[in-house]
Amino acid sequence: MNTSDAMPAAVATPPELPLNKLRRARGLSQKTLAGRMNVQQPIVAKQEQQVNMYISTLRSHIEAMGGKLEIFARFPEGNVKISSF
């Protein structure tokens with residue numbers, strides 16, 4: 001792994017970010033993320049600009065950044081984790 005592939009051990013990120021800013025906060029280039037996702041860099045660039053995408057695509061992005069995607073539904077009486085994805 002070269003230095004451009006390295007992720008900081010602990011990254012303090014704001015609670016809400018678009019994908020491109022999250023990627024940058026994780027210290028990753030589009031090229032590095034694309035390599036982790038087994039796609040070309042222009043695909044990552046296009047996906048980062050999309051307002052709608054498949055959950056599987058979003059999951060791939062998050063996992064390639066070292067995270068785990070979890071989906072919750074918010075109700076007045078509390079949150080529920082959706083487990084069917």
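Please find, within the range 42-73, the residue that is surrounded by the most Cβ atoms within 10 Å (Cβ to Cβ) out of those that are among the β-branched types (Val, Ile, Thr) and closer than 14 Å to Leu22 by Cβ.
Per the stated criteria, the residue is Val44.
When only residues in the range 56-85 that are free of Cβ contacts under 8 Å to residues at least 24 places away in the same chain and charged (D, E, K, R) count, which is nearest to Arg36 (Cα to Cα)?
Applying the filter and picking the extreme gives Glu63.
Test each condition in (1) surrounded by 15 or more Cβ atoms within 10 Å (Cβ to Cβ); (2) touching a strand residue (DSSP E or B) at 6+ places or on another chain (Cβ under 7 Å); (3) of a type in the set (D, E, K, R) for Lys81 and report the one that comes out false.
Only one criterion in (1) surrounded by 15 or more Cβ atoms within 10 Å (Cβ to Cβ); (2) touching a strand residue (DSSP E or B) at 6+ places or on another chain (Cβ under 7 Å); (3) of a type in the set (D, E, K, R) is unmet by Lys81, namely (1).
Could you grab the pairs with beta carbons closer than 6 Å, sequence gap of 6+ or different chains, first residue in the range 13-34 and of a type in the set (Lys, Arg), second one outside any loop (DSSP other than H, G, I, E, B)?
Close Cβ pairs satisfying both conditions: Arg23/Leu33; Lys31/Gln41.
Just give me the residues in the range 15-54 being among the hydrophobic types (A, V, I, L, M, F, W, C), out of contact with any helix residue (DSSP H, G or I) (no Cβ under 9 Å at 6 or more places or on another chain) and either modelled with pLDDT of 95 or more or outside any helix (DSSP H, G or I) (or both), in sequence order.
Val51
The values are calculated or read from the model by the stated rules, or taken from the named source; none is laboratory data. Keep in mind that what you see is a predicted model, and the values were worked out from it rather than measured. All Cβ positions, even for glycine, are placed from backbone atoms using ideal geometry, and neighbour counts span all protein chains on display.
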